[in-house]
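This report refers to the structure that appears directly beneath it.
The values are calculated or read from the model by the stated rules, or taken from the named source; none is laboratory data. Being a predicted model, the structure only gives us computed values, none of them experimental. Reconstructed Cβ throughout: ideal geometry from the backbone, glycine too, with neighbour counts over all protein chains shown. When the accessible area is computed, the model is the full protein with side chains, heavy atoms only, and any ligands, DNA or RNA have been set aside. Shrake-Rupley method; radii C 1.70, N 1.55, O 1.52, S 1.80 Å.
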Amino acid sequence: MAENGEEKLLAMARHIAKTLGHNDNMADDILQIFSNFDGRFSREKLASDDERTRSCAALELSLKSLNRQILQYVATDHSIWSDSADSAAFLDSIDELIVTIRDWTPMADDKSVGVCLAGAEDLMQQAMFRLEDEFRSLVERGAESRELTRAFRGESNGALSFDSGDDDEEEEEDEVIGDGEEHQIPVAQPIGDYDIVIDALPSGTINDLHEIAKRMVAAGFGKECSHVYSSCRREFLEESLSRLGLQKLSIEEVQKTPWQDLEDEIERWIKSANVALRILFPSERRLCDRIFYGLSSAADLSFMEVCRGSTIQILNFADAVAIGSRSPERLFKILDVFETLRDLMPEFESVFSDQYCLFLRNEAITIWKRLGEAIRGIFMELENLISLDPAKTPVPGGGLHPITRYVMNYLRAACRSRQTLEQVFEDSSAVSHQPKVDDQSSSMSVQMAWIMELLESNLEAKSKIYRDSALCCVFMMNNGRYIVQKAKDSELGLLLGDDWIRKHTAKVRQHHVNYQRSSWNKVLGVLKLDSGSLAPSAAVKSMKEKLKLFNIYFDEICKTQSNWVVFDDQCRDELRISLVKIVLPAYQSFIGRFQNVPEIGRHDKYIKYAGEDIEAKINDLFRGSRGSAGGGGGRK
């Protein structure tokens, strides 16, 4: 019932238009007014059967003409873009087809129109397939052009070279490209400046590609256009990274690579990552923006597809390094990887700023943070190495323990990257072992102080295996002195602070005092004279006995301690001088009293050492044996 009412309403509208319209144009205007006034009066509903028939005939005629024009280009066996007139005519035909489909799509419910539109869509698809082929051909021919090859070799602005080849090799490449060989990808060549943008395609080619891209996007084939573009340009990036020496290694392959070989791979990775993020990717971004100008979504999608594989290759390598072994010797190369990614973060932010590349930017941030976790993990491994280093065999002569030398040189080298390490430790939620001492101490300074504490505790445990308490003191003095000397005048010392240096310098002095007390007090004790209450004969006997004991004790000490080690020249000299100062005056005083006792008779048979002999014997102490760790006079 409602349908009959609507038909009557439409019939009345047609009658009014026909009656009032003095010609066809006026009638059309009246029908347009009705259409604008009420949605029920759409032009397709108001059109009469005759008009529909005439319109469909015009559509069929137009599509037949377009079909003839387009198919002659689709079927041709030579490049349409080899002739500018042909390419312009082909694009004009496609434009007309796009407009026709767009204008007639609202009337697709009409059976005749629907049939025509289906044919038009089929024709459009054939045209797009041919445009896709032309697009690919233009990209490939443009990339192989001699202009680009010369630009990459430094004949245009900015000398650009990824690998060095001699002139003969360059001539051979020119011949290959000139002969039209396929699969020859021009690759940028050694660079000294990252502020370079590569014009990867000639300007004319870029304009042609832009015109094709506009039609493909307008026809709804934007993804196909992006795909064919990215498949061509992706190969350029992959070959460029390969020329830089970056291998395609899986995470498992990276982790299985021997560390010495992996160090070389990391060097190549650093170079490749910098060139990719600072030169190659920005150049690709610029090229995408020019080809897909005004088509931002297609430009973003194309750029992501071009760079995704190479970016993932770069990030996967860094990730494999991050999740690999936490062995302490790996710290310095992992720091290099961390710093490289950190320094490239602005490039990741700027180059991968669109929605399609968001996942690449986020992945870069995640792996960068994972590298920070790896660095913190390495320091935890160092802590375990120190804590678990067993106190088994004592170092001969109380010399410098290998772990002291290793840890101090390791930390000094690590602190050359102080700024980076401070960033790493500050990014950590908290230092796991102990809170900050005060608001002035950084997380890294707390970390260094904690490692020093672990090392000191380990050395104290090792000192207990010496049966001689004096040798125990020498061991602690040696290692404490080395620790202080390595910390002073370095970034490590700045982190630990002046108070720490003063405190541990005082500890070294205390070990010095403890050594003298435990080793020489017994010797000095026998040189003390008894009170004057003894009878002269008893006093003489006591003095003879004391001198005899002194000779025995002194000989034992000199024999034993001549093989002990004091590694530091200054410390060894100070120790000898201090011993001379306390032993020689006491000995000379005793000998003077001894010589003044007339009851003794001949003194020379009791006096074994003259004063200069005592000094010479003391100066012969701490020579160390050749097998002693840290023995001799030098230190490293």
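Looking at segment 91-100, which of the residues that are in contact with a Leu (Cβ under 8 Å, 6 or more places away or on another chain) and closer than 18 Å to Leu131 by Cα is surrounded by the most Cβ atoms within 10 Å (Cβ to Cβ)? So that I can check it myself, show each step before the final result.
Restricting attention to segment 91-100, the residues satisfying the condition of being in contact with a Leu (Cβ under 8 Å, 6 or more places away or on another chain) are 93-94, 96-97, 100.
From what is left, the residues that are closer than 18 Å to Leu131 by Cα are 93-94, 96-97.
Numbers: Ser93: 21, Ile94: 26, Glu96: 16, Leu97: 23.
Restricting to residues being in contact with a Leu (Cβ under 8 Å, 6 or more places away or on another chain) and closer than 18 Å to Leu131 by Cα, the top hit is Ile94.
If you go through segment 314-344 and pick out every residue that is part of a helix (DSSP H, G or I) and open to solvent by less than 30 Å² (accessible area, probe 1.4 Å), you end up with 17. Within segment 238-254, being in contact with a Phe, Trp or Tyr (Cβ under 8 Å, 6 or more places away or on another chain) and buried (at least 22 other Cβ atoms within 10 Å of the Cβ) holds for Ser240, Leu246. Filtered by the rule that a residue be over 14 Å from His401 (Cα atoms) and open to solvent by less than 10 Å² (accessible area, probe 1.4 Å), segment 454-483 gives a lone residue, Ala470. If you check Leu621 against the conditions, is it closer than 30 Å to Met408 by Cα, within 54 Å of the chain's Cα centre (by Cα), assigned to a loop (DSSP other than H, G, I, E, B) and modelled with pLDDT of 90 or more? When the stated conditions are applied, Leu621 passes them.
Let's see how each residue does on (1) open to solvent by 10 Å² or more (accessible area, probe 1.4 Å); (2) out of contact with any strand residue (DSSP E or B) (no Cβ under 8 Å at 6 or more places or on another chain); (3) assigned by the TED database to the domain that holds Val508:
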| site | (1), (2), (3) |
| --- | --- |
| Ile365 | yes, yes, no |
| Arg370 | yes, yes, no |
| Ile375 | no, yes, no |
| Phe379 | no, yes, no |
| Pro396 | yes, no, yes |
| Leu400 | no, no, yes |
| Met408 | no, yes, yes |
| Arg416 | yes, yes, yes |
| Gln419 | yes, yes, yes |
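Filtering segment 399-433 down to residues that are outside any helix (DSSP H, G or I) and farther than 26 Å from Ser463 by Cα, which residue is modelled with the highest pLDDT? Here the residue is Ser428.
Among the residues of segment 489-506, is any within 20 Å of Ile577 (Cβ to Cβ) and in a helix (DSSP H, G or I)? Outline the logic, then answer.
To start, the set of residues in segment 489-506 that are within 20 Å of Ile577 (Cβ to Cβ) comprises 505-506.
Of the ones still in play, those that are also in a helix (DSSP H, G or I) are 505-506.
Yes; the residues of segment 489-506 include at least one that is within 20 Å of Ile577 (Cβ to Cβ) and in a helix (DSSP H, G or I).
The number of residues in segment 379-398 that are part of a loop (DSSP other than H, G, I, E, B) and under 25 Å from Met448 (Cβ atoms) comes to 4. Taken as a whole, the structure places Glu615 among residues that are open to solvent by 70 Å² or more (accessible area, probe 1.4 Å) and at pLDDT 85 or above. Among the residues of segment 32-43, are any closer than 20 Å to Lys214 by Cβ and either modelled with pLDDT of 55 or more or open to solvent by 70 Å² or more (accessible area, probe 1.4 Å) (or both)? No, segment 32-43 has no match at all.
Being part of a helix (DSSP H, G or I) and buried (at least 16 other Cβ atoms within 10 Å of the Cβ) is the filter here, so list the residues in segment 345-363 that pass it. Write out each step before concluding.
First, pick out the residues of segment 345-363 that are part of a helix (DSSP H, G or I): 345-351, 358-363.
Within segment 345-363, Glu347, Phe348, Val351, Leu360, Arg361, Glu363 meet the criteria.
Tell me, please, whether a residue that is modelled with pLDDT under 95 and either under 25 Å from Ile403 (Cβ atoms) or crowded, with 18+ Cβ neighbours inside 10 Å (or both) can be found in segment 527-537. Looking for residues that are modelled with pLDDT under 95 and either under 25 Å from Ile403 (Cβ atoms) or crowded, with 18+ Cβ neighbours inside 10 Å (or both), one finds at least one in segment 527-537, hence yes.
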